[in-house]
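Trainee: Attaching a single structure in structure tokens format; questions to follow.
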Amino acid sequence: MIETPGATRVPRGLAGVSVSDTRISKSSADGSLVYRGYPIAELAAKASFEETAYLVLYGELPTRGELDAFASGIWKRSTTDPRVFDIMRSLGGDAQPIDVIRTGVSALGSIDVERSIEDKETSIESKMSVLAANSLRVPRGEQPRLPGETGGFADRLLRMLTPREADDFERWVFERVLIFYMEHDMNASSFTVRVVASTLADPYAAASAGLASLKGPLHGGANEAAMEMLLRAKDPENAHEFVEATFKEGRKLMGFGHRIYKQFDPRAKLCKGYLGEMAKKRGDDRLYRLCDAIEMEMWERKKIPPNLDYYAAPIFYLLGIEVPLYTPIFAASRVFGWMAHYNEQVEENKLIRPDSTYVGPLGRNYVSIEKR
């Protein structure tokens with residue numbers, strides 16, 4: 001074993017290790033989450049997506065003039081060069097949506113003519129929703145859906161995602177879920193973005209890296225896996241048997257557990273309430289009762305609470321959104337948090353280059369290939 005003198009050993013996965021100061025957001029084990037000092041429940045009850053995005057990016061809630069300019073800028077920059085769609089189309093219908101988006105963002109790094117860092121960031125923030133909404137359609141050979149001129153960011157994204165017309169409450173709920181996905185302190189993708197930013201690579205490279213980290217089921221892909229699990233479970237009356245069989249087969253229940261939250265995830269708690277209201281308005285609460293029954297089984301057996309993905313997934317499902325688009329929705333929102341982390345990292349930058357302890361063999365001698 002070779003250790004660097006003076007190096008500090010830390011837990012695997014950096015669990016419990018603070019790697020940076022931040023002013024953007026903070027999640028805590030007691031079930032609290034703040035964006036720039038505002039409790040998440042406060043923002044969910046009163047703020048729009050654009051207000052929250054401005055807050056996350058710039059540190060303060062916007063004035064009316066600032067909000068109008070910000071929202072208008074996002075819409076205007078959403079126009080996407082047709083060459084990006086051509087590249088996405090060339091990947092074919094079997095391509096995974098998150099790969100399609102990542103390829104599209106990488107292409108923007110060469111195609112966009114933006115000059116300043118701020119303009120590059122706004123371009124990515126604006127276009128990510130367009131790439132996300134079209135990450136299934138375009139590779140299948142269909143024409144892209146483009147954002148309309150009416151409504152806010154969440155409304156335009158929802159209309160691109162599904163032809164189904166949502167009512168006012170459903171649109172409001174979708175906007176809340178986007179707010180919840182926007183930011184979550186030093187999560188895997190945001191840390192990845194900061195590592196790339198620390199090399200002084202441009203925002204396109206950092207966002208592409210963040211998208212790559214979303215592909216895994218332990219981060220961005222968890223909402224899709226949670227919905228697929230719920231669809232397999234089917235009926236709330238089968239919850240006990242389903243959970244029992246899942247554990248006997250050595251599989252995990254997706255959508256449960258969190259590195260930070262041990263009692264409850266405040267975002268999941270709010271989404272559960274929204275899902276219940278949606279179910280009541282539809283006159284069919286089977287999906288809600290299924291989610292609740294599996295949650296209760298998991299708590300009784302493992303004392304592990306559901307996370308945001310567990311209750312966001314059925315909300316997306318009731319909105320008529322195809323399951324493979326759930327992780328792209330995560331990306332369309334989280335990109336605002338990523339750009340906030342990019343800026344904070346570059347502001348007081350130091351290249352992120354941790355050490356490691358070598359535990360491999362030593363003292364080996366080369367033997368020619370003829371003698372091996």
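The values are calculated or read from the model by the stated rules, or taken from the named source; none is laboratory data. Worth saying up front: this structure is predicted, and the values here are computed from it rather than measured. Note that we place each Cβ from the backbone using ideal geometry, even for glycine, and neighbour counts take in every protein chain shown.
Trainee: Can you go through P203, P139 and tell me which one is surrounded by 22 or more Cβ atoms within 10 Å (Cβ to Cβ) and touching a Gly at 6+ places or on another chain (Cβ under 8 Å)?
Mentor: That would be P139, the only listed residue that is surrounded by 22 or more Cβ atoms within 10 Å (Cβ to Cβ) and touching a Gly at 6+ places or on another chain (Cβ under 8 Å).
Trainee: Next up: Considering the stretch 161-220 alone, what residues qualify as being without any contact (Cβ under 8 Å) to a residue 24 or more places away in the chain, closer than 21 Å to S126 by Cβ and within 14 Å of the chain's Cα centre (by Cα)?
Mentor: Once the filter is applied, which keeps residues that are without any contact (Cβ under 8 Å) to a residue 24 or more places away in the chain, closer than 21 Å to S126 by Cβ and within 14 Å of the chain's Cα centre (by Cα), the stretch 161-220 yields only A209.
Trainee: Right, another one. Go over the candidates P354, P314, P328 one by one and state the one that is closer than 30 Å to E3 by Cβ and either out of contact with any Asp or Glu (no Cβ under 7 Å at 6 or more places or on another chain) or at pLDDT 95 or above (or both).
Mentor: P354
Trainee: Hey, among the residues in the stretch 22-57 that are in a helix (DSSP H, G or I) and among the acidic types (D, E), which one's surrounded by the most Cβ atoms within 10 Å (Cβ to Cβ)?
Mentor: Going residue by residue through the stretch 22-57, those that are in a helix (DSSP H, G or I) are 40-46, 49-57.
Keeping just the survivors that are among the acidic types (D, E) gives 42, 50-51.
Values: E42: 12, E50: 21, E51: 19.
For the stretch 22-57, the residue satisfying everything is E50.
Trainee: Hey, can you tell me all the residues within the stretch 238-259 that are farther than 22 Å from A312 by Cβ and among the polar types (S, T, N, Q)? Break it down into steps so the answer makes sense when it comes.
Mentor: The first filter runs over the stretch 238-259 and keeps only residues farther than 22 Å from A312 by Cβ, leaving 238, 240-241, 244-245, 247-250.
Correct list: N238 only.
Trainee: Would you pick out the residues in the stretch 64-110 that are loosely packed, with under 15 Cβ neighbours inside 10 Å and among the β-branched types (V, I, T)?
Mentor: Listed by number, the list holds a single entry, T79.
Trainee: Further question on the same structure: Report those helices (runs of 4 or more DSSP H) wholly inside the stretch 114-197 carrying at least 1 residues which are more than 26 Å from T103 (Cβ to Cβ) and out of contact with any strand residue (DSSP E or B) (no Cβ under 6 Å at 6 or more places or on another chain). First the steps, then the outcome.
Mentor: Working: elements: 117-133, 153-161, 168-181, 188-197.
Answer list for the stretch 114-197: 153-161, 168-181.
Trainee: While we're looking at this one, here's another question. Hey, does the stretch 327-345 have a residue that's among the charged types (D, E, K, R), surrounded by fewer than 24 Cβ atoms within 10 Å (Cβ to Cβ), under 30 Å from S20 (Cβ atoms) and in contact (Cβ under 8 Å) with a residue 40 or more places away in the chain?
Mentor: We begin by selecting, within the stretch 327-345, every residue among the charged types (D, E, K, R); these are 334, 344.
Going one step further and asking which of them are surrounded by fewer than 24 Cβ atoms within 10 Å (Cβ to Cβ), we end up with 344.
Imposing the further condition that a residue be under 30 Å from S20 (Cβ atoms) reduces the set to 344.
Okay, now just the ones that are also in contact (Cβ under 8 Å) with a residue 40 or more places away in the chain, so 344.
There is at least one residue in the stretch 327-345 that is among the charged types (D, E, K, R), surrounded by fewer than 24 Cβ atoms within 10 Å (Cβ to Cβ), under 30 Å from S20 (Cβ atoms) and in contact (Cβ under 8 Å) with a residue 40 or more places away in the chain.
Trainee: Just a yes or no: is a residue in the stretch 237-253 in contact (Cβ under 8 Å) with a residue 60 or more places away in the chain and not in a loop (DSSP other than H, G, I, E, B)? Spell out how you get there, then give the answer.
Mentor: Step one: filter the stretch 237-253 for residues in contact (Cβ under 8 Å) with a residue 60 or more places away in the chain, giving none.
Within the stretch 237-253, none of the residues are in contact (Cβ under 8 Å) with a residue 60 or more places away in the chain and not in a loop (DSSP other than H, G, I, E, B).
Trainee: Sort out which residues of the stretch 58-96 are of a type outside the set (A, V, I, L, M, F, W, C), part of a helix (DSSP H, G or I), touching a residue at least 40 places away in the same chain (Cβ under 8 Å) and closer than 15 Å to K127 by Cα, and write them in order of number.
Mentor: So in the stretch 58-96, the residues of a type outside the set (A, V, I, L, M, F, W, C) come out as 58-60, 62-66, 68, 72-73, 76-83, 86, 89-90, 92-94, 96.
From what's left, part of a helix (DSSP H, G or I): 58, 64-66, 68, 72-73, 76, 82-83, 86, 89-90.
Next cut, touching a residue at least 40 places away in the same chain (Cβ under 8 Å) only: 73, 76, 89.
Result: G73, K76.
Trainee: Where the second residue is part of a helix (DSSP H, G or I) and of a type in the set (S, T, N, Q) and the first is on the phi < 0 side of the Ramachandran plot and lies in the stretch 108-134, which pairs have Cβ atoms under 7 Å and are six or more apart or on separate chains?
Mentor: Pairs found: L108/S123; D112/S123; E114/S123.
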